[in-house]
Structures are given as structure tokens and as C-alpha cells.
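Below you'll find the structure, written out as C-alpha cells, and then a few comments.
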Amino acid sequence: MFTGLVTDIGTVRSAEHRNGLTRFEVISTYAPETLSMGASVMHSGVCLTVVDFGPEGQGSWFAVEAVPETLSKTVLGSWEAGSRVNLEQSLRLGDELGGHLVFGHVDGVGEIVSIEEEGQSRRITIRPPAGISRYFAAKGSAAVDGVSLTVAAALDNGDFQVAIIPHTWEVTTLGALKLGSRVNLEVDMLARYVARMIGADAPGGPSNG
């Protein structure tokens, strides 16, 4: 479980394909003692398990593994040495929940279709896969590459917009977004359950024929 509040930007040191898995080694500023074997760390919206770690300079390095399904359904398949990724360690009992509940289970990959400056902030329009567009509602929550954001507008064509303050733009990988960039999307769990309860996602419901 996560909050969508990024605590570090990591750098992929290596991406190695072996035995049907892809092993990523990531360098971060996390102190080694805050990591453990089997710990969950969110990588740009994807929850992955730490399988090895150690000290690296003033911080640490750690290894995680991704299966082909994860690589094909998220942006992780494009990661290579030098890729920068948003990181967040899992919540602990008693931690402050400053964003919204994020599970690290990506629902789809969206595309950046516009970036507009609004004073010091930026309004970004994202085109989600058609199958999940109904889950984005104005003033609702969404995780974009693991960053907890409030939906500023849900457009008639299925796109949605988020407004990003300068701080978030600077301390996450969102500041590197360009037109055409692909981003991991996770819808708000509340929206998922509401759709189920009203029948939209129930077997035989409106969206299931």
C-alpha cells in the first residue's frame, strides 16, 4: 500500500533479461537500513519486490524483478540503464496518509496529449485506454507514474486533465514529460468499487455486454 507521494527519484543502473524475468537494479538515496529482502517499493506506479540490495555512495542500490506481463502492460518495458523512476516505499502502520491509497497495480498506460503552462503550474491532458476512461472524474484521484494527483477535468472524449504545481513538477519525473510520453495509470480504488456496485463492471453489466 502506498500514498502516491514520491520520496525519491531513482536511476536504473541495469536492466538484465534472464530466465523469463527482467531484473532491474536501481540506485536511490534510501539508506540501506530502510530496505529489506521482500520489501515492496513502488516504481513509477508499479509495486515491485526487493530481491537484493546494498549500500551505494550516500544511499543504496536494490534489485527488483518484473515478469513479461508487467513489462507489456506498463511502461517498464521501455526502461534501460539511465532511466529515471519515481520511488515510494510502502506505508507502515502509523504513517501519515498525505495523498490517496495507491496499490501499485497499474490499470493501463496513458499518453500525454497536451501540456499547457498556467502561470507557474502546468495543466496536462492525458488520454487513458478507452476501457478505463470512465473511472476518471473531476475532483477524483488518480496515480500518474505513481504520483497522487487530483483530476482537474474529465473531458467528453475520455481524456482527463491534471494540474501540477511547481514542487511536484520538480521532485518527480513528471517534469520530464513531453507530448507523446507514456505514463502508468492507476484509477482510484473507490471508483472501481462504485462501478462494481452500480453494475457497470458486474458480469452482464452495461460495460460487459
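Determine if segment 167-180 includes at least one residue that is of a type in the set (S, T, N, Q), modelled with pLDDT of 95 or more and under 16 Å from Arg127 (Cα atoms). Within segment 167-180 (the criterion being of a type in the set (S, T, N, Q), modelled with pLDDT of 95 or more and under 16 Å from Arg127 (Cα atoms)), the answer is no, since none of the residues qualifies. Might you let me know whether segment 37-51 holds any residue that is on the phi < 0 side of the Ramachandran plot, in the same structural domain as His17 (by TED's automatic domain parsing) and not in a strand (DSSP E or B)? Yes, some residue in segment 37-51 is on the phi < 0 side of the Ramachandran plot, in the same structural domain as His17 (by TED's automatic domain parsing) and not in a strand (DSSP E or B). For segment 154-171, the criterion of a residue being touching a residue at least 60 places away in the same chain (Cβ under 8 Å), surrounded by 16 or more Cβ atoms within 10 Å (Cβ to Cβ) and assigned to a loop (DSSP other than H, G, I, E, B) is satisfied by no position. Check whether at least one residue in segment 78-85 is touching a His at 6+ places or on another chain (Cβ under 7 Å) and not hydroxyl-bearing (Ser, Thr, Tyr), and report yes or no. Yes, segment 78-85 has at least one match. Being polar (S, T, N, Q) and either surrounded by fewer than 18 Cβ atoms within 10 Å (Cβ to Cβ) or over 17 Å from the mean Cα position of the chain (by Cα) (or both): is that true of Thr150 here? When the stated conditions are applied, Thr150 passes them.
Taken over segment 52-74, the criterion of being part of a strand (DSSP E or B) and over 22 Å from Arg182 (Cβ atoms) is satisfied by Asp52, Phe53, Gly54, Pro55, Glu56, Gly59, Ser60, Trp61, Phe62, Ala63.
The values are calculated or read from the model by the stated rules, or taken from the named source; none is laboratory data. Note that the coordinates shown come from a computational prediction; the quantities given were computed from them, not determined experimentally. All Cβ positions, glycine included, derive from the backbone under ideal geometry; neighbour counts span all protein chains shown.
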